Amino acid sequence: MEQIITGVAAQRTPFHARAATTTAADVMRPPLTTVTQYDHVAAAAYLMRHAGTTALIVTDTQTGQPAGLITEADIAHAIADGKDVNDVRVNAVMTTRPATTTTTTIRDAATMSRLSRRTREAVSR
């Protein structure tokens with residue numbers, strides 16, 4: 001049986017209503033590649049390049065839990081400061097205690113980012 005519908009616009013939930021209920025975990029990128037806090041900064045840069053990302057989660061070597069975040073900007077600052085990325089460890093340049101969120105809405109996550117003046121947040125499912 002064929003059904004023909006004319007003159008009826010497709011009904012979709014308005015964007016603002018969807019944004020109010022969609023969580024950050026629903027739209028996040030795949031899990032980030034990780035690096036340990038005692039790895040060399042050069043290794044972190046290599047992993048970023050090959051993973052096609054601009055940030056890595058830094059894990060604590062003893063617990064395996066997130067300890068921070070290292071970004072392209074952190075690496076650029078280290079180089080600008082004259083540090084040798086083959087000698088410097090990730091824990092010397094990483095961002096500790098990055099903003100994190102779990103099941104907050106996209107709107108709330110954006111507000112948190114704006115208020116903390118951070119451009120990245122770690123999202124855990």
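Where a number appears in this text, it was derived from the coordinates with a stated rule and is not lab data. What you see is a predicted model; the values in this text were computed from it and never measured. Cβ coordinates were reconstructed from backbone atoms using ideal geometry, including for glycine residues, and neighbour counts include every protein chain displayed.
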## Note on the structure
If the chain between Thr105 and Asn86 were fully extended at 0.36 nm per residue, the gain over the current Cα-Cα distance would be 2.9 nm
### Query
Full extension from His40 to Thr53: what is 0.36 nm times the residue separation minus their Cα-Cα distance, to one decimal in nm?
2.9 nm
### Query
Mind checking the dipole of region 29-98: about its Cα centre, +1 per Lys or Arg Cβ, -1 per Asp or Glu Cβ, Debye to the nearest 20?
200 debye
### Query
Length gain on complete extension for the stretch Ile79 to Gln65, per 0.36 nm per residue less the alpha carbon to alpha carbon distance?
2.3 nm
### Message
Apply the a/c threshold of 1.5 to the C-alpha gyration tensor of region 29-98 and tell me whether it is rounded, prolate or oblate.
### Response
oblate
